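The values are calculated or read from the model by the stated rules, or taken from the named source; none is laboratory data. Computed from a prediction, not measured in an experiment: that's the story for all the values here. Ideal geometry is used to build each Cβ from the backbone, glycine not excepted, and the neighbour counts take in all protein chains shown.
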Amino acid sequence: MFDIKSNRHPIHNMSTFKNIHSQVEARASQHPDRQAVLHGNQSLSYAELNNQANALAHQLEQINGVKNGFVGVCLERSCDLMVAILGILKAGAAYVPFDIDYPMERLQYMAEITNIPVMVSTPSLGKRLPQGKFQIVDIQSINKEKEEKNLDLNIPNTSPAYVLFTSGSTGQPKGVKMPHKALMNLIDWQLNQTGVHDEGRTLQFAPISFDVHFQEIFSTWCDGGCICLIGDEERLNAPVLLNYIEKNNINRIFLPFVALQSLCELSKKTNANLSCLHEVITAGEQLQVTPAIIDFFNRIPHCKLFNHYGPTETHVVTSYQLEGAPNTWPLLPPIGKVIQNSEVHLLDENGKEVKDGDEGELFASGLCLADGYLNRDDLTKERFTTNPFNPSEKLYKTGDLAKKLPDGNIQYLGRIDGQVKVRGYRIELGEIEVALSRFKKVIQAAATVREDKPGEKKLVGYLVFEKGHELHVKDVRTFLQSLLPDYMMPSALVQLDDLPRTPSGKIDRKSLPIPDTKRPELGIPYVAAENETQKNTMSTLVDFTKY
């Protein structure tokens, strides 16, 4: 019988860890003048953060339907955004992030299904808000000078802390309800794993519509550190991001792989030494150990790299620390072992646990689980089933494939509903991307299977080169033949100026361009775009099937 379990034990310091925000109140009492938030030339001490959040909480508490309900928050990155998140939790509500970059139709659906009585925002964003019966509380209208006491509310740790919306297979987004107890367990585990303590500085990179934001913010505040916000445009700009980390002495960052790769590549090119960094945590997509990442961590050997795994419905459920010399790290690192008070099972299609080393679908259980989907009992029942190994708990069906390695770590193998098969062979896109990234002067690489014509599947590789370097097909093909079997060779290559990204910084695979079949030349160098229109639409295709 195979299962991967962590030791079940009470959360540390449970007497003071009543709710996630109670830890912030404790830090404000212990270190009132310590810096808690930094954004540009604005900052908040712990006393200021706690007091302003109290002011908002007192105002929200007077509104019918707030306590034990849902409160929308629609704000740009700012100190006010941090106050709003904390204040909503203090008022006994769960916050619902409304990303101003989302389509209005999506925002409208979110407002209707959550039935929020109030939205915390600013008048300047009024035109970007959905319509509804909710009232708007202007975060800038709170009295920031008046001394406000902590609210003494009885907030059960089983109540939701936030609702995050993920894409749904039916076309409608799903609202994931995450309870306080799951997040308390996560932060408690993080505090006991991290080496960044007290006045450590953490970059706030993730959008608040992406679950990593909670880990960034509250693992910092609950340990007395400072959360440092960077602008939405700047955070996806590698040169600006690198400069920000250096200038602001950032000690910890949470980055998806493609953002980490960009940062490492630029650091290598400029010989920047980010010695201020002590921890890098990556999550959200398959981590690849590229030459740039090896070089980066070779130059700051004191900095630890962690690979976290967990869908929105569990947040973090497993973690893996890469140890030893970076050039010995596995090219596709495992996702590790489960965090405290959580369990993972790998099951076959009949619900039976697979043997060690065999692939199975990954199911999660324990304190890490969300409560299900808001107002979607049908979908909740389908994805959160009774745990046959512990009938008092639920078992979450992730839809991810994985296997157990001989050392007990878990290796992620991709999505079940996204299994890639070409000509009868199962393709590991991560292996292809690692191989492409190891070609000289390649900064970023991605691979996907396209079926632009029904029945015609093609494996396509996308490459971003250092400035001034171009795609030479024969060189790439010769290089790949030494690393990949024939069935894993891309049938087409596309050179891009940059890989498209989602707002959270991951590769936006849906936006990878269709290869230009009008340019099937072989071994001819890429011709650079001459204007912005060409730069936005131009790609280079090489069809290997014609060799």
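Is it the case, given these coordinates, that S219 is modelled with pLDDT under 95 and either in contact with a Ser or Thr (Cβ under 8 Å, 6 or more places away or on another chain) or assigned to a helix (DSSP H, G or I) (or both)? Taking the combined requirement at face value, the residue does not satisfy it. Take G399 and tell me if it is more than 21 Å from S159 (Cα to Cα) and assigned to a loop (DSSP other than H, G, I, E, B). It is false that G399 is more than 21 Å from S159 (Cα to Cα) and assigned to a loop (DSSP other than H, G, I, E, B). Would you check which residues across the stretch 313-341 are surrounded by fewer than 19 Cβ atoms within 10 Å (Cβ to Cβ) and hydroxyl-bearing (S, T, Y) and list them? Result: T328, single match. Scanning the stretch 250-264 for residues that are within 15 Å of I300 (Cβ to Cβ) and either in a loop (DSSP other than H, G, I, E, B) or touching a helix residue (DSSP H, G or I) at 6+ places or on another chain (Cβ under 6 Å) (or both) gives I250, N251, L263, C264. In the stretch 190-216, which residue that is aliphatic (A, V, I, L, M) and not in a helix (DSSP H, G or I) is farthest from the chain's Cα centre (by Cα)? Here the answer is V196.
Given the options L242, L277, name the one that is in contact with a Lys or Arg (Cβ under 8 Å, 6 or more places away or on another chain), hydrophobic (A, V, I, L, M, F, W, C) and farther than 30 Å from L369 by Cβ. One residue alone meets the criteria, L277. Of all residues in the stretch 101-123, at least one satisfies being basic (K, R), in contact (Cβ under 8 Å) with a residue 60 or more places away in the chain and either farther than 16 Å from A55 by Cβ or surrounded by fewer than 20 Cβ atoms within 10 Å (Cβ to Cβ) (or both). If you filter the stretch 231-249 down to residues that are outside any helix (DSSP H, G or I) and at pLDDT below 95, you find that the one that is nearest to Q42 (Cα to Cα) is G231.
Contact map, the stretch 193-204: first residue modelled with pLDDT of 95 or more, second residue hydrophobic (A, V, I, L, M, F, W, C) and in a loop (DSSP other than H, G, I, E, B), Cβ cut-off under 8 Å, separation 6 or more or different chains; pairs are R201/I250; T202/V196; T202/I250; L203/I230; L203/I250; Q204/I230.
Residues in the stretch 472-497 that are at pLDDT 90 or above, in contact with a Phe, Trp or Tyr (Cβ under 6 Å, 6 or more places away or on another chain) and assigned to a loop (DSSP other than H, G, I, E, B): L496 only. Residues in the stretch 195-204 include none that are closer than 28 Å to A111 by Cα and of a type in the set (D, E). Taken together, the residues in the stretch 270-288 that are in contact with a strand residue (DSSP E or B) (Cβ under 8 Å, 6 or more places away or on another chain) and closer than 20 Å to R509 by Cα amount to 5.
Looking only at the stretch 102-129, residues that are assigned to a loop (DSSP other than H, G, I, E, B) and in contact with an Asp or Glu (Cβ under 8 Å, 6 or more places away or on another chain) come to 1 in all. Q59: outside any loop (DSSP other than H, G, I, E, B), out of contact with any Pro (no Cβ under 9 Å at 6 or more places or on another chain) and surrounded by fewer than 24 Cβ atoms within 10 Å (Cβ to Cβ), yes or no? It is true that Q59 is outside any loop (DSSP other than H, G, I, E, B), out of contact with any Pro (no Cβ under 9 Å at 6 or more places or on another chain) and surrounded by fewer than 24 Cβ atoms within 10 Å (Cβ to Cβ). Scanning the stretch 359-385 for residues that are more than 22 Å from L164 (Cβ to Cβ) and either in contact with a helix residue (DSSP H, G or I) (Cβ under 6 Å, 6 or more places away or on another chain) or modelled with pLDDT under 95 (or both) yields a single hit, E359. For the criterion of being surrounded by fewer than 19 Cβ atoms within 10 Å (Cβ to Cβ), modelled with pLDDT of 95 or more and of a type outside the set (D, E, K, R), N273 fails. So is G351 within 22 Å of W189 (Cβ to Cβ) and either modelled with pLDDT of 95 or more or more than 25 Å from the chain's Cα centre (by Cα) (or both) or not? No: the conditions fail for G351.
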